[in-house]
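**Q** Input: one structure, supplied below.
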Amino acid sequence: MGSDDNCHNLQKVNDAEGSAGEAGKAVAQSGMRKSIYCLCPTGDTPSSARLFDAIVSGCIRVIISDELELPFKGILDYWKVCPFNFLIALFVSLSDAVQSGSLLKFLRSVSPAQIKAMQMNLAKVSRHFLYSQPAQPMGLEDLIWRMTGKLHGQVQLGSLLKFLRSVSPAQIKAIQMNLAKVSRHFLYSHPAQPMGLEDLIWRMDDLTATRVQQCHQSQFTVQRIIETAGDNEALLFESLYVNDEI
């Protein structure tokens, strides 16, 4: 959003349609790299891939959420890493964002100096969000390990390495061959292929719909059993056991 020299006026909005696959990924990356701001609305998880994409693209994230937070918060000290104020993102509450004109008014209030400072911060922290070979201290791999340890207790890295080293070359080769064999089931294709990703998604949706329908049908059976059993718990449990398909 706002990619021309007079970007502070926010006169231009890049709205490009993306899609799954390399082509869609390239379109999204190009749009972010050309933009000053990248909208990152809330989703169904405490983080979002959009946050990472915006960082490595040098795009200032406008986080529209009351729950989303900066990636690796508590592990990566943004105030220490970023020598400038304003960090690397702007936060807007959901209640403010839905007010007509409120979001644009807020973004127009950000000065060119503040925009420049945030862009410099983004350039400085981007290395923490890129994969590297070999893994670097405080690189993306290291941060993932640290966050995993923080969320689930101390990660026993030594035990994991010991286990991985115990896997024989023959086992590794067999697993790799299996991965190559099943990979087609996890790739989008045009046209869609039998047992391809699209087909599997449709099959899963059908299965879910069937399960939901079965649950609705079971509700009537359960209700009749409860009404028949009354306060007789023994009869109730016996009836439920007999009708274990519900």
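The values are calculated or read from the model by the stated rules, or taken from the named source; none is laboratory data. Keep in mind that what you see is a predicted model, and the values were worked out from it rather than measured. Ideal geometry is used to build each Cβ from the backbone, glycine not excepted, and the neighbour counts take in all protein chains shown.
**Q** Go through Ile201, Ile226 for me and flag whichever is assigned to a helix (DSSP H, G or I), outside the structural domain of Gly24 (by TED's automatic domain parsing) and closer than 21 Å to Glu22 by Cβ.
**A** Ile201
**Q** It is to be established whether one or more residues within segment 90-101 are buried (at least 18 other Cβ atoms within 10 Å of the Cβ) and either at pLDDT below 80 or basic (Lys, Arg) (or both).
**A** No, the conditions are met nowhere in segment 90-101.
**Q** Taking the conditions exactly as written (modelled with pLDDT of 75 or more and assigned to a helix (DSSP H, G or I)), does Ser30 satisfy them or not?
**A** yes
**Q** Take segment 203-232 and flag every residue that is within 28 Å of Phe186 (Cβ to Cβ) and β-branched (Val, Ile, Thr).
**A** Thr208, Thr210, Val212, listed by residue number.
**Q** In this structure, does Val13 turn out to be part of a loop (DSSP other than H, G, I, E, B), outside the structural domain of Gly139 (by TED's automatic domain parsing) and modelled with pLDDT under 75?
**A** Yes.
**Q** Criterion first (modelled with pLDDT of 70 or more and under 18 Å from the mean Cα position of the chain (by Cα)) does Leu39 satisfy it?
**A** Taking the combined requirement at face value, the residue satisfies it.
**Q** When you check Glu227 against the structure, is it surrounded by 11 or more Cβ atoms within 10 Å (Cβ to Cβ), among the acidic types (Asp, Glu), out of contact with any Asp or Glu (no Cβ under 8 Å at 6 or more places or on another chain) and at pLDDT below 85, yes or no?
**A** Against the criterion (surrounded by 11 or more Cβ atoms within 10 Å (Cβ to Cβ), among the acidic types (Asp, Glu), out of contact with any Asp or Glu (no Cβ under 8 Å at 6 or more places or on another chain) and at pLDDT below 85), Glu227 does not qualify.
**Q** Of all residues in segment 183-194, count the ones that are more than 22 Å from the chain's Cα centre (by Cα) and surrounded by 10 or more Cβ atoms within 10 Å (Cβ to Cβ).
**A** Number of matching residues: 4.
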